[in-house]
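Trainee: Sharing a structure with you now.
Every number here is computed from the coordinates shown, using simple stated rules; none is lab data. Quantities reported herein were computed from a predicted structural model and do not represent experimental measurements. Glycine gets a Cβ as well: all are built from the backbone with ideal geometry, and neighbour counts include every protein chain shown.
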Amino acid sequence: MIEINSDDIQKFTNYYSSKLKIRMNEKYGELRVFNRETEKSMAKVYVKVFCKDNSGKEKFYRDGFTDIRGKFEYANASGKSVSDVKKFGILIADKVCGSCIKEADPPKNSKDSDEL
């Protein structure tokens, strides 16, 4: 936690000591994980996804590991509809390189991806 203090302003922000570099693709509901120092993709990085649904409830959505390309599709979950999701909260964690937290909007609809 970092705190910035002055006479008029007090701000707080989270700081994660991490070697992870995350590239988000919200249009398709996926992310890719890279090592910040080597720029190589990272397989077997743990990803845990929570969501806030349209009613405001926060709940577990899915979890898993990145594939050999460092890719994880956070918006695709068996038996769950992305249309019920207002916002995603995503924890990305690796034993060696550290962790970080990202937020993402859900993909607008599957029709958008068909047009490409």
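Trainee: Is it true that Gly98 is closer than 14 Å to Lys21 by Cβ, surrounded by fewer than 15 Cβ atoms within 10 Å (Cβ to Cβ) and either in contact (Cβ under 8 Å) with a residue 24 or more places away in the chain or touching a His at 6+ places or on another chain (Cβ under 9 Å) (or both)?
Mentor: Yes, satisfied.
Trainee: OK, next. Please specify each residue of the range 81-95 satisfying the condition of being exposed (fewer than 13 other Cβ atoms within 10 Å of the Cβ) and either assigned to a loop (DSSP other than H, G, I, E, B) or touching a Cys at 6+ places or on another chain (Cβ under 7 Å) (or both).
Mentor: Ser81, Lys95, listed by residue number.
Trainee: Can you report the number of residues in the range 61-80 which are farther than 21 Å from Val33 by Cα and outside any loop (DSSP other than H, G, I, E, B)?
Mentor: 0
Trainee: OK, next. If a residue counts only when it is of a type in the set (Lys, Arg), which strands (runs of 3 or more DSSP E) contained entirely in the range 1-46 have at least 1 such residues? Outline the logic, then answer.
Mentor: On the way: elements: 2-5, 10-13, 20-25, 30-35.
The strands (runs of 3 or more DSSP E) meeting that bar are 10-13, 20-25, 30-35.
Trainee: Collect the residues in the range 9-26 that are within 17 Å of Cys97 (Cα to Cα) and within 15 Å of the chain's Cα centre (by Cα), keeping them in residue-number order.
Mentor: Tyr16, Ser18, Leu20, Lys21, Ile22, Arg23
Trainee: Exactly one condition in (1) touching a helix residue (DSSP H, G or I) at 6+ places or on another chain (Cβ under 9 Å); (2) of a type in the set (S, T, N, Q); (3) closer than 14 Å to Pro107 by Cα is false for Ser83; which is it?
Mentor: Looking at each condition in turn, Ser83 falls short on (1).
Trainee: Something else now. Of the numbered conditions (1) in a strand (DSSP E or B); (2) within 22 Å of Phe65 (Cβ to Cβ), Lys52 fails exactly one; give the number of that condition.
Mentor: Of everything listed in (1) in a strand (DSSP E or B); (2) within 22 Å of Phe65 (Cβ to Cβ), Lys52 misses just condition (2).
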